[in-house]
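Report on the following structure.
The values are calculated or read from the model by the stated rules, or taken from the named source; none is laboratory data. Not measured: the values here are computed from a predicted model. Cβ sites come from the backbone with ideal geometry, for glycine too, and all protein chains shown count toward neighbours.
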Amino acid sequence: MKATLTSCLCLALGLTATPALANRVFVSNEKGNDVTVLDSNTLEVIGTYPVGTRPRGITISPDGKELYVCASDDDLVRVFNPETMEEMHTLPSGPDPELFVLHPSGNPLYIANEDDNLVTVVDVKTHQVLAEIPVGVEPEGMGVSPDGKVVINTSETTNMAHFINSETFEIFANVLVDSRPRFAQFTADGSKLYVSAEIGGTVSVIDPATQEITKKITFEIPGVLPEAIQPVGVRTTQDGKRVFVALGPANRVAVIDGETDEVLEYLLVGQRVWQMAFTPDEKYLFTTNGNSNDVSIIDVATLKVVKSVPVGQQPWGVVVAPN
Amino acid sequence: MINRIIILLAGLAVATPVFAQTADPASPPAAAQKQAQMIRAAVLRVDRPGLLPISRLDLPPQDLGFAGARLAIDDNATTGRFMGQEFEALEVAATPETAEGEMEKLLAQGIPFVVVLADDAMTLRLTDLAKDRAIVLNAGARGDDLRGKDCRFNVLHAAPSHAMLADGLAQFLMWKKWPRWFLVKGSHPEDENLAEAYRRAARKFGAEIVEERTFEDTGGARRTDSGHVQVQQQMPVFTQRAPDYDVMITADEAGIFAAYMPYQTWDARLVAGSAGLVPRSWHPAFEAWGGVQFQNRFEKLANRSMRDEDYQTWLALRMIGEAATRAQTADPDKLKEFMLSDRFEVAGFKGQKLTMRDWDHQLRQPILLATGALVASVSPQDQYLHQSSALDTLGIDRPETECKF
């Protein structure tokens, strides 16, 4: 994902003169076994395509030519041509791949194997497994630093963020966070790492240099049971000024000031919101709402939810093509 | 029967070559370099001789509870290798005659945590035997007295109580607007305890028990070559001429009759409680909140699906593991203190953190309402609010507890 964002920055800078540029938005539907493709300009559904069994994590290569989908129940990663949505090949992933992150250079792919307490590293060109890294119980969240040197894995039952050297595949630090960490996201400048804890109900802000937790962001929404506030997906704007946190069954996305790490407001979206993705120009943020079978589209500048679009059954992940 | 299950760091390293490569002196897990702390526990299961379950599908597996313990020790050990902690759980299966002797042996070995799977009376006896020598984690007994007038400071309850289970079902039935209940209870003392939990739930949530009957256990074999024939004759006769009711609630802790009731009642009515829609701590079909991967891990390890007793034993040992991780200690007293503090929370694949009630040492937890093949709902229902935790709408709340430590 970071790869997408970084490469998108260059593109967005070059193309700001053409605001009508449309990008394809890919939403994995966990129960529908397919991907819904939307147009980021018209916000309409272009089509729905089968992608294998129980698709969850989804990402795209920096050049926009390969779409990767974790087909969890098929125990592999399926690779599609984003234009035609035809399957090009598959990648070995280890059992039950859930989430993954692509190195900013576009290779390799770091995959969390939820059932096997491993992170599998796969070369997307040779299709070879480069390493299997033992981590904590139920690995899920995967993040990579903007310089590509550090890969983060979060383990949901061990409750840690594991810091992995992206070249030697060695764990060099473990940070204990709150219960059920789901997602790890670096800021674009690499100065901060956000790790969400679904059951703990918090987002830990970690200094990647010292691997110390500098702050824990908590959430409080009038009229919403505290138990329903379950942070999952986290996205930060390129300038680091805004952080968005998907709050699961609270049906809201929290907007956070990226400098103070204080919550600014909560945006009402669809039901059980988990993952999010920006368009390359950061005009829109798409959210997947698993229980209402739709995506909500947030206007990032005005912080308004401008539209919701029905997609497939139990939308899980989302990625926007860089071009 | 005693089996030892110990996951050692060395064993892990050998089994995973990539990890072995990373274990050079400069690289973490650095905790491996220093002396690891060992956190010891035991699981003591007391098997009461008795009749087989009504359904063959409910026959107890040999490793009931123990399989849950093995998964918990695996989970704890995986986390422990990053923390410099090792975990073990001895597995002991006893009879009512040998249980106290086995407990004495565990205490003599200095085991500080004993997970007990037994009925109410035996759990109380074993708890009193342990006194201040060990902390008992109750993973089996559901009686409310154990959390009430018979409560003990050295026991923590991972198993939900009758009151929690009854309240969980009651909330759902009231949400369905099915408030008129026909309560049928068995003739054993534990059936009466469960029936009392349903009477209490009816008062608490505004349901009406329109009639109560007792199904006498007259003994006899469970297996007959004529199968269903007598059941089809007897159950309608037993249930006829009841006042108009919405749901039949069965209170059959002894497992004598409830499973016969669905589809055999005189009136066309639903059955809930000990059969039909059953409130329980776990169900092998449950998929939400990460349940799929938890079920997968268990089934890979045990070659069968997970039962309530396995879940409760897993939960009890995970409570110890989670406390050890957070409090960063192996000291049993400090771990217990931490588990009872407001800083303690454990994730149990039920969509929210599970915490401990300080007034009776009961672990708060959502209750699953399951049919044979699926989970139909999870309580607490959203409509039931509480000033401190929605989970405290289930079971005995602070102002009503009879427990005095």
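Of the residues making up region B:119-149, those that are over 25 Å from B:P49 (Cα atoms) and surrounded by 18 or more Cβ atoms within 10 Å (Cβ to Cβ) are B:A134, B:I135, B:R147. Among the residues of region B:74-90, the one identified as surrounded by fewer than 24 Cβ atoms within 10 Å (Cβ to Cβ), within 13 Å of A:T157 (Cα to Cα) and of a type in the set (G, A, S) is B:A77. All of (1) within 14 Å of chain B (Cβ to nearest Cβ); (2) surrounded by fewer than 23 Cβ atoms within 10 Å (Cβ to Cβ) hold for A:V119 with one exception: (2).
Screening region B:305-335 for residues that are at pLDDT below 95 and assigned to a loop (DSSP other than H, G, I, E, B) and picking the one that is nearest to the other protein chains (Cβ to nearest Cβ) gives B:Q328.
Name every residue in region A:284-303 that is surrounded by fewer than 17 Cβ atoms within 10 Å (Cβ to Cβ) and in contact (Cβ under 8 Å) with a residue 12 or more places away in the chain, in order of residue number. The answer is A:N291, A:D299, A:A301, A:L303. For region B:345-391, filtered to residues that are within 12 Å of chain A (Cβ to nearest Cβ), assigned to a strand (DSSP E or B) and not small (G, A, S), the residue that is nearest to A:V232 (Cα to Cα) is B:K353. Taking the criterion of being in contact with a helix residue (DSSP H, G or I) (Cβ under 7 Å, 6 or more places away or on another chain), within 13 Å of chain B (Cβ to nearest Cβ) and at pLDDT below 95, would at least one residue in region A:177-191 satisfy it? Scanning region A:177-191 turns up no residue that is in contact with a helix residue (DSSP H, G or I) (Cβ under 7 Å, 6 or more places away or on another chain), within 13 Å of chain B (Cβ to nearest Cβ) and at pLDDT below 95.
Counting only helices (runs of 4 or more DSSP H) that sit wholly inside region B:120-237, those with at least 2 residues that are among the aromatic types (F, W, Y), outside the structural domain of B:L317 (by TED's automatic domain parsing) and touching a helix residue (DSSP H, G or I) at 6+ places or on another chain (Cβ under 6 Å) are B:189-205. Scoring A:E140 on the criteria (1) crowded, with 24+ Cβ neighbours inside 10 Å; (2) in contact with a Gly (Cβ under 8 Å, 6 or more places away or on another chain); (3) at the interface with chain B (Cβ under 9 Å from one of its Cβ atoms) leaves a single failure, condition (2).
Being crowded, with 17+ Cβ neighbours inside 10 Å, more than 14 Å from A:V245 (Cβ to Cβ) and within 14 Å of chain B (Cβ to nearest Cβ) is a property that A:E167 lacks.
Among the residues of region A:192-218, those identified as outside any strand (DSSP E or B) and either of a type in the set (S, T, Y) or away from chain B (no Cβ under 14 Å) (or both) are A:K192, A:P208, A:A209, A:T210.
Taking the stated definitions as given, is A:E156 within 16 Å of the chain's Cα centre (by Cα) and facing another protein chain (nearest Cβ under 10 Å)? Judged against the criteria, A:E156 is a match. Filtering region B:301-330 to residues that are more than 16 Å from the chain's Cα centre (by Cα), under 22 Å from B:R81 (Cα atoms) and not aliphatic (A, V, I, L, M) leaves B:G321, B:E322, B:T325, B:R326, B:Q328, B:T329.
When the criteria are applied in full, B:M38 fails the requirement of being at pLDDT 90 or above and either part of a helix (DSSP H, G or I) or in contact with a Leu (Cβ under 6 Å, 6 or more places away or on another chain) (or both).
Scan region B:238-251 residue by residue and report those that are part of a loop (DSSP other than H, G, I, E, B) and among the polar types (S, T, N, Q).
Of the residues in region B:238-251, the ones part of a loop (DSSP other than H, G, I, E, B) are B:240-246.
Across region B:238-251, the qualifying residue is only B:Q240.
Summed over region B:41-80, residues that are at pLDDT 95 or above and aliphatic (A, V, I, L, M) total 11.
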